[in-house]
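The values are calculated or read from the model by the stated rules, or taken from the named source; none is laboratory data. Note that the structure is a prediction, hence the values are computed from the model and not measured. Please note: Cβ atoms are built from the backbone with ideal geometry, for glycine as well, and neighbour counts cover all protein chains shown. Just so you know, the surface numbers come from the protein's heavy atoms only, side chains and all, with ligands and any DNA or RNA stripped out. Shrake-Rupley method; radii C 1.70, N 1.55, O 1.52, S 1.80 Å.
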Amino acid sequence: MPSPTPSQTTAPAVPTLQDAQQSATNAASWVEQNWSTWLAIGLRVVLILVIAAVLRVMVRRAITKLIDRMSRTAQAVDGTALGGLLVNAERRRQRSQAIGSVLRSVASFLILGTAGLMVLASFQINLAPLLASAGVAGVAIGFGARNLVTDFLSGVFMILEDQYGVGDVIDAGVASGEVIEVGLRVTKLRGDSGEIWYVRNGEVKRIGNLSQGWATAGVDVTVRASENLDRVKAALDQVAERMSKDEPWNELLWGPIEVLGLDSVLLDSMVIRLSAKTMPGKALTVERELRWRVKRAFDEADIRIVGGATAPMDGETADPTATTAPPSAYANIASPQAEAATPIPPVAPPAK
């Protein structure tokens, strides 16, 4: 194969001085034509970021002042008698912190998100595909983390509505106990036996708050049907009047102890019901003290309290062998009854 001749080869073009001057002139002309546009875009972006940062700081500071004012109001009431009943400092503090955290996060997301979209729009970027992609991603994340979103939203509304707080005794359906911590996703309860329950806010369908308003203490006293009702009522009235005046029960009782009357009458007993309005969460304590005082008063008045199985009347001695079954004749294998009940052994066939 013949080698190419020098005339057939193409030598690389070497830029000349005139080409370099032309390129520099074009670049300078492009910069001269577009520098004002780029400067305007840069100033617009800087202005957007500065306004967003200042607005974010102002909004967060306003939210913090609002939360601090709520906390100071709670602390001012906490030193009074009403504050001791209706306001719990830890409950108010956690509720304020949770509300402030939610409000600050929402404000930051809205302000910074709007500023980011405005910056992208300043660079002439089409936001329609970006918003469509964000919408699809949001739907996918919502389906994947729907339980988390449900817990979070339930916690937000629960805190805003102040359904319960730290120190309250609640029945959440899935668990019950005293609230020791309230979060946006999980509520911590301490049960009656000391166990700690972690309840997701999204799983709570109904709440029974036993610490709001007032509670009712109810005590049933069962006496014999032959007792004199006037003597029984007089003893109960004396117990109610004395307990309403003694400390600290006069503070725990928010109303007089009432003898409601006969709740039921049976053949050998009758049930008398007592009721009283108490401080929230103190009904069980009042019931125990009331039973203690009723028992002592009935012992002094010789009034007998019965319950469960029927109690024998005075003068009657219970027969200890009444519940014992009589001996069976079949227990002795030598008795005629046992021999008569013995099966007859089979007779072998005669041998052939």
Seminar exercise, completed: Q124 vs (1) assigned to a helix (DSSP H, G or I); (2) at pLDDT below 85; (3) within 30 Å of R44 (Cβ to Cβ): all pass except (1)
Seminar exercise, completed: Per the filter on the range 269-294, residues free of Cβ contacts under 8 Å to residues at least 60 places away in the same chain, under 13 Å from S244 (Cα atoms) and in a strand (DSSP E or B) are S275
Problem set entry | In the range 172-184, the residues that are open to solvent by less than 40 Å² (accessible area, probe 1.4 Å) and within 9 Å of the chain's Cα centre (by Cα) | A172, A175, V179, V182, G183
Exercise. Is there any pair linking a residue in the range 42-63 that is closer than 14 Å to F109 by Cα to one that is surrounded by fewer than 13 Cβ atoms within 10 Å (Cβ to Cβ) and modelled with pLDDT under 90, with Cβ under 7 Å and at least six apart or on different chains, and which?
Worked result: none
Seminar exercise, completed: Counting only residues that are in contact with a Lys or Arg (Cβ under 7 Å, 6 or more places away or on another chain), assigned to a loop (DSSP other than H, G, I, E, B) and closer than 30 Å to V271 by Cα, the range 170-223 contains a total of 1
For this session: Return the total of residues in the range 197-212 being open to solvent by less than 20 Å² (accessible area, probe 1.4 Å) and either of a type in the set (D, E) or closer than 12 Å to V182 by Cα (or both).
Result: 2
Exercise. What are the residue pairs meeting all of these: first residue in the range 130-142, first residue part of a helix (DSSP H, G or I), second residue open to solvent by less than 80 Å² (accessible area, probe 1.4 Å) and of a type outside the set (S, T, N, Q), Cβ atoms under 7 Å, and 6 or more apart or on different chains?
Worked result: G142/V149
Exercise. Hey, E258 hits all of (1) more than 18 Å from R296 (Cβ to Cβ); (2) more than 39 Å from the chain's Cα centre (by Cα) but one; which does it fall short on?
Worked result: (2)
For this session: Working only within the range 90-115, note down all residues that are surrounded by 14 or more Cβ atoms within 10 Å (Cβ to Cβ) and more than 30 Å from G167 (Cα to Cα).
Result: A107, S108, I111, L112, A115
Exercise. Quick check, is D237 within 20 Å of T222 (Cα to Cα) and at pLDDT 75 or above?
Worked result: yes
For this session: Inspect all residues belonging to the range 164-171 and state whether any of them is open to solvent by 40 Å² or more (accessible area, probe 1.4 Å) and modelled with pLDDT of 85 or more.
Result: yes
Exercise. Out of L189, L153, which single residue is over 30 Å from W214 (Cβ atoms) and surrounded by 13 or more Cβ atoms within 10 Å (Cβ to Cβ)?
Worked result: L153
Exercise. Restricting attention to the range 237-258, and to residues there that are part of a loop (DSSP other than H, G, I, E, B) and in contact with a helix residue (DSSP H, G or I) (Cβ under 7 Å, 6 or more places away or on another chain), which single residue is surrounded by the most Cβ atoms within 10 Å (Cβ to Cβ)?
Worked result: I257
